[in-house]
Structure formats: structure tokens, C-alpha cells
Amino acid sequence: MKINGTPYRSIWLGDDGWSVRIFDQRRLPWELKIVELKTAEQAASAIKEMWTRGAPLLAMTAAYGLCLGLRENSSDIALDKTYNMLLSTRPTAVNLRWALDEMIKAVKPLAGAARIEAAYARAAALCDEDVEINRRIGEYGLTLIKTLASKNKGRDINILTHCNAGWLATVDYGTATSPVYMAHDEGIPVHVWVDETRPRNQGFLTAYELSQHGVPHTVIADNAGGLLMRQGKVDMCIVGADRVTRNGDVANKIGTYLKALAAQDNNVPFYVALPYTTFDDTLESGDDISIEERDAEEMKTVQGLDNYEELISVKLTTSQAANPAFDITPAHLVSGYITDRGVVGNIRDLYKFAA
Ligand code: MRU
């Protein structure tokens, strides 16, 4: 990804070779602030407080968080404690557990300096793998966009997305956005409808990314998608996922389910883009997924610039509020899963990939 022409990943090591750098995504798109993480506790807070977010990226932050923890204390007891602290940060994205388990496999047989070295090597490899996975998701998703483009020569292909499943949610490329970037780079005319995604407005992160890459897009209120689909202004939906269960149910940002319902009613294909690390073969259905309930204050406030270009938070209500952060889209509403191993329409095929 490029920000103002400079290439970045969304997580990287500092020049010292051990401290971790991320963007404070709470301040985007208004301010590009890079923060330094030096302890496992800081990594855990960055995930919990959503400085860094998105299923694959929060998992990578946890992987490096484990490295930071080992630098402080590389004993088995400390390793278990750090693992549990990082695992408890956010409950819904299964990538978190996957990455931490990968780290444990790599470091458990080792001790001392060798353990720390192996941890950093594994975390770096996981990040590289994430980039490659997302590139492949992009290539497979591109075939779907190409098919639509060939049927609709000369006009924009309109793609609706929800939340941010872009490069800010992964190490690079994104999942849902990866096919869009590739289509744009190939000269296919694409336009993205970007759901605002209240209450935390991750849609503005998506809009920021798309602007940086020069992809035409329009931000819409979360409630606008149904009308646009009915009016024939959406060719396809592509969303990300935080966890996909054995039967193909999808946990993703709150509001995804309503888009899937509207898509089905209007014959708009609804695709879920995901890496294999988002499959959860331990759960049968979406009913078994733990849905994160976040602080109601997020619902009661909104952040933006005031007239002096200062970043401020504004209160919207003093009423009681609820803030479930994810919902479940049942498998029967999903037209296909765009994975790093191909596009599948059927969960049995998808599950075969995971095995
Ligand atoms: O609460 P967030 O911002 O972490 O939620 C992010 C999403 O729901 C994304 O769609 C999902 O993690 C997929 S990211 C490739």
C-alpha cells in the first residue's frame, strides 16, 4: 500500500529491529500517526482499544506482542501468561487464536535467546504469508470482476463493501478490497459504494485507502445499500470476515447481515473474501460464535474535525445504548467465498481447503 506515494505495510519493526510500529487507526483518516509498541501490554491495549484492527492485522499485532513479551521474560510461565492476555483482547476474530497458536508451535520447544529469535522470525513469516494470501484473494476475486466487466462493457462495475477489510485490516492489499485494487490496476472501471459502518466508521478507513490508490468510490450511510441495490446500482457486494464456521456462516462487522439480506432480495451476488486463517473448524455454526459487545460509549459518540481542524469527539445521545460489534450472515445468503485458494460457492469445498 502507498500512503501519499510512500509504500507501507500496516505493521513493521522499528530500526532497532525489535520494537513494533503500527498506525493509530483511531485517528485515521484525519491524522497519520505511527505508534511504537515496546511491551506485550501495549500490544494488547492497541488491539483492545482498536488502534489496530481487522481480523488478520490484529492477529499479527498479537504475534508481535508475544515477541515483545518474550523479550521481557522468555520463561514458559511468562509465555503462557502473555498468550492468554493477548488472546483475551477481542473474542470474535478467530485469526487471533490461529496466529498465537502458530507462535506457540514455533517457540515452545526452544528457550532463552533462541526462543526470542524464533518468535520474531515466525511473526515476520506470518506477516509475509498474510501479504501473499491477500494477493491471491485479489487474483481470484479479480476473475469475478472481470466476468462482470465483460458482461457490462463500457460502464463502471459497482461494488458495495462494508466496514474495512482493506490493507489497514491486514498486512497489505486487504481481503475484500484486494480484488478491487487489482481490477483498478488492470484498467477495469470500478466504483465502490463504501458503507460508513457506524459506530466506529471503519468505512472512512476504506474510503481513505481507496483515495490513496485512486479508486473511485462514494461513502454511503449504512442504511442506503438496500435502496441502491433495488435501483440496480450495485453489481456485487464483497465483504470481509472475522470467523467462518464449518457450515459457512460468517461473522463480520455489525450490519453485514442486513446487506446480505438486501442483496439476496435484489439478486445481487454477495461474496465473502477470507484467508484460510479465518476458517474455524472447531465451530459448527455461527450461533456458536462469541459476538463482541463493545462499550456503549462508542455508539453514543462520533469523532471528526471541528471548524479549527481539531480532532474532536461529539456526544450524540445520553440515552442507553447497545453496541454489538459483529453479526452473523447465514451461509445461505452467501453467493461465494473468495479465498486464497480459489472462489468456492459451497462450504463443503471450502472446508476441504481448510483441512
Ligand atoms: O472491529 P473491526 O474493525 O476489527 O472489524 C473488522 C471487520 O469486521 C472486517 O471486515 C474483518 O475483520 C475482515 S478484515 C480483512
Checklist entry - Does region 101-122 contain any residue that is open to solvent by less than 30 Å² (accessible area, probe 1.4 Å), touching a strand residue (DSSP E or B) at 6+ places or on another chain (Cβ under 8 Å) and not aromatic (Phe, Trp, Tyr)? => result no
Item to check | Residue list for region 249-262, restricted to those being open to solvent by less than 30 Å² (accessible area, probe 1.4 Å), out of contact with any Pro (no Cβ under 7 Å at 6 or more places or on another chain) and within 16 Å of the ligand (Cβ to nearest atom) | outcome: 250, 251, 252, 253, 255, 256, 259, 260
Item to check | Check on residue 2, over 26 Å from residue 293 (Cα atoms) and either within 14 Å of the ligand (Cβ to nearest atom) or within 19 Å of the chain's Cα centre (by Cα) (or both) | outcome: yes
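A quick yes/no check of all residues on (1) farther than 27 Å from residue 50 by Cβ; (2) free of Cβ contacts under 8 Å to residues at least 40 places away in the same chain; (3) not assigned by TED's automatic domain parsing to the domain that holds residue 98:
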residue: 252; (1), (2), (3): no, no, yes
residue: 256; (1), (2), (3): no, no, yes
residue: 267; (1), (2), (3): yes, yes, yes
residue: 298; (1), (2), (3): no, no, yes
residue: 311; (1), (2), (3): no, no, yes
residue: 323; (1), (2), (3): no, no, yes
residue: 336; (1), (2), (3): yes, no, yes
residue: 343; (1), (2), (3): yes, no, yes
Next on the checklist: I need a count of the residues in region 236-248 that are within 14 Å of the ligand (Cβ to nearest atom) and not aliphatic (A, V, I, L, M).
Outcome noted: 4
Next on the checklist: Among the residues that make up region 56-65, is at least one of them in contact with a helix residue (DSSP H, G or I) (Cβ under 8 Å, 6 or more places away or on another chain) and surrounded by fewer than 20 Cβ atoms within 10 Å (Cβ to Cβ)?
Outcome noted: no
Checklist entry - Of everything in region 149-173 that's within 17 Å of residue 188 (Cβ to Cβ) and part of a helix (DSSP H, G or I), which residue is most open to solvent (accessible area, probe 1.4 Å)? => result 151
Checklist entry - Among the numbered criteria (1) in contact with an Asp or Glu (Cβ under 8 Å, 6 or more places away or on another chain); (2) outside the structural domain of residue 63 (by TED's automatic domain parsing); (3) more than 14 Å from the ligand (Cβ to nearest atom), which single criterion is violated by residue 193? => result (1)
Checklist outcome for this item: Filtering region 299-345 down to residues that are among the small types (Gly, Ala, Ser), surrounded by fewer than 18 Cβ atoms within 10 Å (Cβ to Cβ) and in a loop (DSSP other than H, G, I, E, B) yields 319, 321, 322, 345
Next on the checklist: Which residue is farthest from residue 279 (Cα to Cα), if the candidates are limited to region 68-100 and must be basic (Lys, Arg) and surrounded by 15 or more Cβ atoms within 10 Å (Cβ to Cβ)?
Outcome noted: 71
Checklist outcome for this item: Pairs returned, first residue in region 172-188 that is among the charged types (D, E, K, R), second residue that is assigned to a loop (DSSP other than H, G, I, E, B), beta-carbon separation under 6 angstrom, 6 or more apart or interchain, are 172/1; 172/9
Checklist entry - Among 240, 203, which is under 13 Å from the mean Cα position of the chain (by Cα), surrounded by 18 or more Cβ atoms within 10 Å (Cβ to Cβ) and under 15 Å from residue 329 (Cβ atoms)? => result 240
Next on the checklist: Step by step: first the residues of region 18-45, then only those that are in a helix (DSSP H, G or I) and aliphatic (A, V, I, L, M), then the one that is surrounded by the most Cβ atoms within 10 Å (Cβ to Cβ). Which residue is that?
Outcome noted: 43
Checklist entry - Looking at region 266-298, which of its residues are part of a loop (DSSP other than H, G, I, E, B), within 14 Å of the ligand (Cβ to nearest atom) and within 15 Å of residue 327 (Cβ to Cβ)? => result 289, 290, 291, 292, 294
Item to check | Qualifying residues in region 155-178 (those that are more than 22 Å from residue 58 (Cβ to Cβ) and touching a strand residue (DSSP E or B) at 6+ places or on another chain (Cβ under 9 Å)) - the one farthest from the ligand (Cβ to nearest atom) | outcome: 156
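The values are calculated or read from the model by the stated rules, or taken from the named source; none is laboratory data. Predicted, not measured: the structure shown is a model, and the values here were computed from it. All Cβ positions, even for glycine, are placed from backbone atoms using ideal geometry, and neighbour counts span all protein chains on display. SASA here: full protein model, heavy atoms, side chains in, ligands and nucleic acids out. Shrake-Rupley method; radii C 1.70, N 1.55, O 1.52, S 1.80 Å.
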